[in-house]
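A quick write-up on the structure given underneath.
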Amino acid sequence: MIFLYILLGLIGLLLILMIVALFNSYLIKDRSKNVTLADIDPIESDLLAKEFSKMIQVETLSYSKTQDNVEKFRELQAVMKELFPDVYSTLEQEVFKGESILFKWKGKSKEKPIVLMAHQDIVPASKDDWVFDPFSGEVTDTEVYGRGTLDTKCTLYAFFKAIDQLIKDGFKPEHDIYISSSTDEETSGFGAGLSVEALKKKGVKPYMVLDEGGAIVTGSLPSAQKPIALIGVLEKGYVNIRFTAKSKGGHSSTPPKNSPISRLSAFVNDVETHFPLKTKMIPEVADIFKSAAPSMSGIYRYLFGNLWLFKPLVTFLLPKINSYGRALLSTTIAFTMSKGSEAANVIPSEAYVIANLRTHPIQNIDESFKVLEAIAKKYDIEAVIEEGREASPISSTTNDAYQYLIKNIQDSYPDALVSPYIMLGGTDSRFFSEITDSAFRFSPVRMDNKELTKIHGKNESIKKSALVEAVRFFTELIKNHK
């Protein structure tokens, strides 16, 4: 009888909490009226688009030490010198191996320096299925097309343009402003690291580093009515692990049981069917949902707006609903490569699969490896780490630099919500975590989910209006830094 009373009491408590959550989801509903955005001058828009097009026309594939392909980067920088003459005549300049650069705009004070980042290199692009040649820099009524328009020559152009115009206007920054731009970001190269080493020798500790990462994205979460400005405060690490199964080999006409490929197949199926790694919602992920919840509708606002009650349920369900949810909450495992024998009628004496893991702060490389190694041993499979790097440190979301960035985003994009988030890929800013706790990954560029798929994809393009807004953002970010 006592057990029944306890059970009824718990059910009653749960019902009360669910009613409170329902009431809260009504209270947090976004009731703000539509804001008026700054007008985009079509003359300014066309001018910037035509200038930016010149940078897109230079095919700057990532610098490689083996090929020493610096010519295209020198060509790009010659174009930039023509576009931004006051930057090149005013700022102190260092050029490193591979044509990575570090510029300094001397301010009135050495305190609270800001580092602005964007890489010059791009990934390859085939002309197949592109509306325009990927290196034509085609300008239409609304967009600029070409490889690198979003990743990340747009931000490179935007802050160079902002600084060049500020110099023309006679503006002097209160604090030092640095520009760091590598030529090998897409290949996880060393260019940005050279900037960090140079800054360390000078004793520079940045107030804030701003690199590519999140953007102002429309439709990033289900039912969200407002765009969300996503500030990457950490980036996941990665590791490649080789899993090898061995046997005596033999002819396929007399196949043995538990051949290397069958054991590897069973192992892969086991891992993918029973996900073995930790799942946890860290505060930086919870903040995404909390920030977006007021602009959501229905069940989404009910669940994400009441994580105080539904966090365990969301944490359990989200990875099962989609792969992005899994990536936010866990180290991910993707089996990407495999090899067996050299002939169709030969049992391999050795076969392997390679798994690429994107490591989450909740479970580092060593911890993740040990979990998978233990499973592999059950199938008589050896596991070896080939290469990897840990997730970056988490940048502060409580210090003055973060609050300053939020304010500037809200001023420049008053229709957008702002939230920290986890970068699933890598950026050059990871190098700067060594000298600052304020390495933020944010590109001031409006885009929707469709445009996001263009990054490294076909028909990459940027809206001309987004380019104008990006220049304005960097202008105000620099001017307001007191």
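General observations
- Region 160-176 residues that are in contact (Cβ under 8 Å) with a residue 12 or more places away in the chain, paired with ones that are among the hydroxyl-bearing types (Ser, Thr, Tyr) and in a strand (DSSP E or B) (beta carbon under 7 Å, 6 or more apart): GLU174/SER109; HIS175/SER109
- Filtering region 309-327 to residues that are touching a residue at least 60 places away in the same chain (Cβ under 8 Å) and either over 23 Å from the mean Cα position of the chain (by Cα) or not assigned by TED's automatic domain parsing to the domain that holds ARG358 (or both) leaves LEU309, PHE310.
- Residue in region 400-421 that is in contact with an Asp or Glu (Cβ under 8 Å, 6 or more places away or on another chain), assigned by TED's automatic domain parsing to the domain that holds ARG147, more than 14 Å from VAL209 (Cα to Cα) and acidic (Asp, Glu) present: yes
- From the options SER395, SER429, SER368, residue that is within 21 Å of ALA327 (Cβ to Cβ), part of a loop (DSSP other than H, G, I, E, B) and in contact (Cβ under 8 Å) with a residue 60 or more places away in the chain: SER395
- Residues satisfying the stated conditions in region 287-309, i.e. touching a Leu at 6+ places or on another chain (Cβ under 6 Å) and surrounded by fewer than 19 Cβ atoms within 10 Å (Cβ to Cβ): LEU309
- Within region 157-176, the presence of a residue that is surrounded by 24 or more Cβ atoms within 10 Å (Cβ to Cβ), modelled with pLDDT of 95 or more, small (Gly, Ala, Ser) and in contact with a strand residue (DSSP E or B) (Cβ under 6 Å, 6 or more places away or on another chain) is excluded.
- Residue within region 215-222 that is modelled with pLDDT of 95 or more and polar (S, T, N, Q) present: no
- THR149, sole failed condition from (1) buried (at least 23 other Cβ atoms within 10 Å of the Cβ); (2) outside any loop (DSSP other than H, G, I, E, B); (3) of a type outside the set (D, E, K, R): (2)
- So GLU284, is it within 25 Å of VAL371 (Cβ to Cβ), surrounded by 16 or more Cβ atoms within 10 Å (Cβ to Cβ) and in contact with a helix residue (DSSP H, G or I) (Cβ under 7 Å, 6 or more places away or on another chain): no
- So SER195, is it part of a strand (DSSP E or B), polar (S, T, N, Q) and either closer than 27 Å to HIS456 by Cβ or not assigned by TED's automatic domain parsing to the domain that holds MET447 (or both): no
The values are calculated or read from the model by the stated rules, or taken from the named source; none is laboratory data. As the structure is a computational prediction, the values presented were derived from the model and not from experiment. When we count neighbours, we look across all protein chains shown, and the Cβ atoms used for this are built from the backbone with ideal geometry, even at glycine.
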